1. Looking at segment 139-151, is at least one residue aliphatic (A, V, I, L, M), open to solvent by less than 30 Å² (accessible area, probe 1.4 Å) and out of contact with any His (no Cβ under 9 Å at 6 or more places or on another chain)?
2. Looking at the structure I just gave you, is T103 at pLDDT 95 or above, away from ligand 2 (no atom under 16 Å from the Cβ), closer than 22 Å to V196 by Cβ and not aromatic (F, W, Y)?
3. Do you know which residues across segment 155-183 are part of a helix (DSSP H, G or I) and either among the hydroxyl-bearing types (S, T, Y) or surrounded by fewer than 24 Cβ atoms within 10 Å (Cβ to Cβ) (or both)?
4. Given the conditions (1) open to solvent by less than 40 Å² (accessible area, probe 1.4 Å); (2) in contact (Cβ under 8 Å) with a residue 40 or more places away in the chain, and given that T189 satisfies all but one, which numbered condition is not satisfied?
5. How many residues are of a type in the set (A, V, I, L, M, F, W, C) and open to solvent by 50 Å² or more (accessible area, probe 1.4 Å) if we restrict to segment 102-125?
6. Scan D87, D58 and give me the residue that is under 21 Å from L126 (Cβ atoms) and either away from ligand 2 (no atom under 16 Å from the Cβ) or of a type outside the set (F, W, Y) (or both).
7. Kindly establish whether D99 is in contact with a Ser or Thr (Cβ under 9 Å, 6 or more places away or on another chain), surrounded by fewer than 22 Cβ atoms within 10 Å (Cβ to Cβ), under 26 Å from R200 (Cβ atoms) and of a type in the set (D, E).
8. I'd like to check something: does segment 31-40 contain any residue that is within 22 Å of D182 (Cβ to Cβ), modelled with pLDDT of 95 or more and out of contact with any Pro (no Cβ under 8 Å at 6 or more places or on another chain)?
Amino acid sequence: MTAPVEGQLEPELDRAVAVLRAGGLVAFPTETVYGLGADAGNEAAVRRIFEVKGRPADHPLIVHLAAAEQLAEWASTVPATARTLADELWPGPLTLLLDRGPTVLDAVTGRRPTVGVRVPDQPLALELLGAFGSGVAAPSANRFGKVSPTTAEHVRGDLGADVDLVLDGGPCAVGVESTIVDCTTDPPTLLRPGGVSVDRLVEVLGSPVRTEAVGPSRAPGMMASHYAPRCRVEVVDEVAMAEVRVALLRSQGLAVDLLAPSVGVDDYARHLYGWLRDADDRGLDVLVAVAPAGDGLGLAVRDRLSKAAAPRPTVEDAG
Ligand code: TXA
Ligand code: MG
């Protein structure tokens with residue numbers, strides 16, 4: 001399905017705001033992935049996100065805002081580094097962790113002392129957030145641990161009737177999640193590589209960023225296995241190779257599908273989750289992914305591929 005043309009969107013937006021006000025769930029497009037949104041000030045609504053996703057309650061949610069001016073309602077302090085990053089990079093694929101304000105719900109922060117906030121760079125998202133007028137808590141609109149959705153069809157296919165309304169803004173432009181930067185440390189700490197590169201963060205700040213915290217278990221929700229399709233994923237990490245030649249040995253029937261043409265890193269990020277889903281839709285058993293090089297989006301794609309390839313969780317820590 002294509003995105004609705006302007007004009008048809010108004011009633012949809014009105015309905016979406018009404019659903020949020022009534023404590024319902026609205027899936028909405030961002031530039032990174034689709035979010036599963038609820039009124040961040042409504043505890044019952046936020047709890048429903050966790051139920052629908054099957055996500056453990058201690059995994060905090062990002063609060064989406066229409067503009068940086070709303071930060072004071074969510075953060076108790078906004079350090080100069082956060083102010084600079086927000087001024088330069090919002091709207092954009094960047095989440096800032098800040099000391100939480102006194103009224104922020106435990107259900108949103110997973111009882112942590114910090115809150116994650118971002119202003120997404122997607123026109124429909126900004127209209128929704130502007131019309132709603134307050135924060136919308138939203139994780140990616142997929143079941144816990146599975147592949148994030150980058151189209152409205154992905155969301156409908158994953159969540160079905162569990163979501164009250166899906167706003168269709170077409171395919172996401174970036175395709176991988178936001179960069180998460182903890183601004184409560186000095187210097188700020190990168191927790192998840194994403195749509196904004198480390199080089200860009202350093203350039204905007206004019207000072208270094210800590211990167212050693214990247215990896216599983218730094219924050220709840222950053223487990224080793226994540227973004228996982230059903231099929232097994234093998235990552236070929238020879239990032240410097242100009243050409244990859246693959247040999248396959250077999251004793252029995254073998255069918256090989258070429259899922260994707262050779263693409264630049266922007267397209268790799270944009271289509272990554274769609275390709276992982278495609279692998280499952282075709283019933284493939286093994287997906288061999290050659291990781292892209294580079295420190296920008298390449299880093300984010302390699303992070304997601306390594307998590308898609310990681311050993312799958314057991315039932316107790318599933319997701
Ligand atoms: O691009 C994105 O960030 C997308 C779109 C929808 O905005 N959202 C997204 O949300 O990826 P989610 O919930 O799938 O991932 C958010 C990550 C989780 O790993 C969570 O643990 C971490 O952010 N996070 C959020 N608030 C946090 C906090 N206060 N402290 C530590 N980690 C936090
Ligand atoms: Mg997610």
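1. No, there is no match, as no residue in segment 139-151 is aliphatic (A, V, I, L, M), open to solvent by less than 30 Å² (accessible area, probe 1.4 Å) and out of contact with any His (no Cβ under 9 Å at 6 or more places or on another chain).
2. no
3. Answer for segment 155-183, where residues must be part of a helix (DSSP H, G or I) and either among the hydroxyl-bearing types (S, T, Y) or surrounded by fewer than 24 Cβ atoms within 10 Å (Cβ to Cβ) (or both): R156, G157, D158, L159, G160, A161, D162.
4. Only one criterion is unmet by T189, namely (2).
5. 0
6. D87
7. It is true that D99 is in contact with a Ser or Thr (Cβ under 9 Å, 6 or more places away or on another chain), surrounded by fewer than 22 Cβ atoms within 10 Å (Cβ to Cβ), under 26 Å from R200 (Cβ atoms) and of a type in the set (D, E).
8. Yes, some residue in segment 31-40 is within 22 Å of D182 (Cβ to Cβ), modelled with pLDDT of 95 or more and out of contact with any Pro (no Cβ under 8 Å at 6 or more places or on another chain).
The values are calculated or read from the model by the stated rules, or taken from the named source; none is laboratory data. Note that this is a predicted model, so its numbers are computed, not measured. When we count neighbours, we look across all protein chains shown, and the Cβ atoms used for this are built from the backbone with ideal geometry, even at glycine. Protein only, heavy atoms only, side chains kept; ligands, DNA and RNA dropped before computing areas. Shrake-Rupley method; radii C 1.70, N 1.55, O 1.52, S 1.80 Å.
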